[in-house]
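Notes follow the structure.
The values are calculated or read from the model by the stated rules, or taken from the named source; none is laboratory data. Please read these numbers as outputs of a predicted model, since none were measured by experiment. For neighbour counting, all protein chains shown are included, and Cβ atoms are generated from backbone atoms with ideal geometry for every residue, glycine included.
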Amino acid sequence: MIFSLPVTAPVATTALVLAQQPGNGDNGGQGEDFGKSSPLGFLILLLFLIAVALLVRSMTKHLKKVPATFDPEEQAAADAAEKDGAGAADKPAEAPVKEPEKSESS
């Protein structure tokens, strides 16, 4: 005994129609030229690669200009060391060490 509702017939028919392969020779856009690129696409790809290379080159130039630190105390100490003739690498700037406060919770 088969129980079928009147609603399931149109749904089943629609599913069968959508699941069928087209019979008119259309392979879903996968013809003989599927996957081949044109010379224009290759030219655009080359232009993008050149643009990326130029952007990387420009970024590295800008990053070389960025100081190692943005702290004004260390920067002043480094500038003073360079003026005295001693390089900043020879004498690292020492920041004062703060001792932790002692609490009276004994």
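Check Asp26, Asp71, Asp79 and return the single one that is surrounded by 10 or more Cβ atoms within 10 Å (Cβ to Cβ), among the charged types (D, E, K, R) and modelled with pLDDT of 80 or more.
Numbers: Asp26 fails: modelled with pLDDT of 80 or more; Asp79 fails: modelled with pLDDT of 80 or more.
So the residue among Asp26, Asp71, Asp79 that is surrounded by 10 or more Cβ atoms within 10 Å (Cβ to Cβ), among the charged types (D, E, K, R) and modelled with pLDDT of 80 or more is Asp71.
Of the residues examined, Ala19 is not one that is more than 43 Å from the chain's Cα centre (by Cα), among the hydrophobic types (A, V, I, L, M, F, W, C) and at pLDDT below 75. Can we say Leu40 is among the aliphatic types (A, V, I, L, M), surrounded by 10 or more Cβ atoms within 10 Å (Cβ to Cβ), in a helix (DSSP H, G or I) and modelled with pLDDT of 75 or more? In short, no.
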